[in-house]
Amino acid sequence: MGTQARGGDPVTPQSTTPLVELRDVSKFYGNIKALEGVSLEVHAGGISCVLGDNGAGKSTLIKIIAGLHQHDAGMFSIEGEETRLANPRDALDRGIATVYQDLAVVPLMPVWRNFFLGSEPTKGAGPFKRLDVDLMRRTTRSELLRMGIDLRDVDQPIGTLSGGERQCVAIARAVHFGAKVLVLDEPTAALGVKQSGVVLKYVAAARDAGLGVVLITHNPHHAYLVGDRFVLLKRGAMSGSHVRDEITLDDLTREMAGGSELDQLSHELER
Ligand SMILES: Nc1ncnc2c1ncn2[C@@H]1O[C@H](COP(=O)(O)OP(=O)(O)OP(=O)(O)O)[C@@H](O)[C@H]1O
Ligand SMILES: [Mg+2]
């Protein structure tokens, strides 16, 4: 990939092998068809947005990428190699980090403790082996600062942070632990305008650090602010797939809202 990336134009990442590619992927839950024929590319230094209403299949899609579910048909490849992930650990080992909406944090533990949860560095050996708390504190602070997040105090319980700040910590954590692909399930869904902006800024920072990002959202404005590819899902099927140059925010919003359905609605609401 290296030589091609170097010679290629950085604004057209599609010239390189995608970090993650889904092609014509389908997924059934029993006899419920949650996804059918969905394709998605995620490139290093790019943000692929998945848009769709409730029940459209967005979470199902990322659960396949995150190793939580397996697809029933179609192709899933990581860096050009066709893959079937056994479990979420497998996905992590392949460099895919997923931040779920209900972040898996321990609210009463300090921010630094949550930052290192499951990957705590130790010092000393044998019976003297213990957690390297200083290192964790310092690293958490510096990693957050590197992403432009200036927390008053990394010793405060993570439960005292706002939803937006928690999302930011989770993003910084994925970057620190060397993820290549960052998957975010509706990181701005529960946030106000300002906090959403902050989270989107760090999504962009992760992209600038070279990660490939999958951003799930039902907000076309948020998607268009940072995205360079857009996949629209409707009842499990792909109702649109665009690169940024091909679509305006207006068209994306209309397509997302189901264009003619929205016209019909506004007609009905007019009196
Ligand atoms: N574990 C499951 N078992 C059975 N059906 C499921 C399961 N998970 C999801 N579904 C169904 O699959 C479809 C897609 O669900 P999914 O959670 O992927 O949608 P979504 O786009 O993430 O929706 P939301 O915006 O509400 O989060 C829905 O009809 C849902 O009811
Ligand atoms: Mg969902």
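The table for this structure:
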item: Check on Thr139, surrounded by 12 or more Cβ atoms within 10 Å (Cβ to Cβ) and in contact (Cβ under 8 Å) with a residue 60 or more places away in the chain; result: no
item: Within segment 31-53, considering residues that are surrounded by 22 or more Cβ atoms within 10 Å (Cβ to Cβ) and closer than 23 Å to Arg254 by Cβ, the one modelled with the lowest pLDDT; result: Gly52
item: Wholly within segment 36-155, helices (runs of 4 or more DSSP H) carrying at least 3 residues that are out of contact with any Lys or Arg (no Cβ under 8 Å at 6 or more places or on another chain) and of a type outside the set (Val, Ile, Thr); result: 58-65, 88-93, 133-146
item: Residue selected from segment 52-74 under the condition under 15 Å from Glu41 (Cβ atoms) and touching a Ser or Thr at 6+ places or on another chain (Cβ under 9 Å), by the criterion nearest to ligand 2 (Cβ to nearest atom); result: Ile62
item: Which numbered condition Arg244 fails, given (1) closer than 22 Å to Val38 by Cα; (2) within 16 Å of ligand 1 (Cβ to nearest atom); (3) in contact with a strand residue (DSSP E or B) (Cβ under 9 Å, 6 or more places away or on another chain); result: (2)
item: Unmet requirement for Met75, which otherwise passes all of (1) more than 27 Å from Tyr224 (Cβ to Cβ); (2) modelled with pLDDT under 95; result: (2)
item: Tally of residues being modelled with pLDDT under 85 and either assigned to a loop (DSSP other than H, G, I, E, B) or among the polar types (S, T, N, Q) (or both) across segment 161-180; result: 3
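The values are calculated or read from the model by the stated rules, or taken from the named source; none is laboratory data. Just so you know, these numbers come straight off a predicted model, no measurement behind them. Here Cβ is always computed from backbone atoms with ideal geometry, including for glycine, and neighbour counts include all displayed protein chains.
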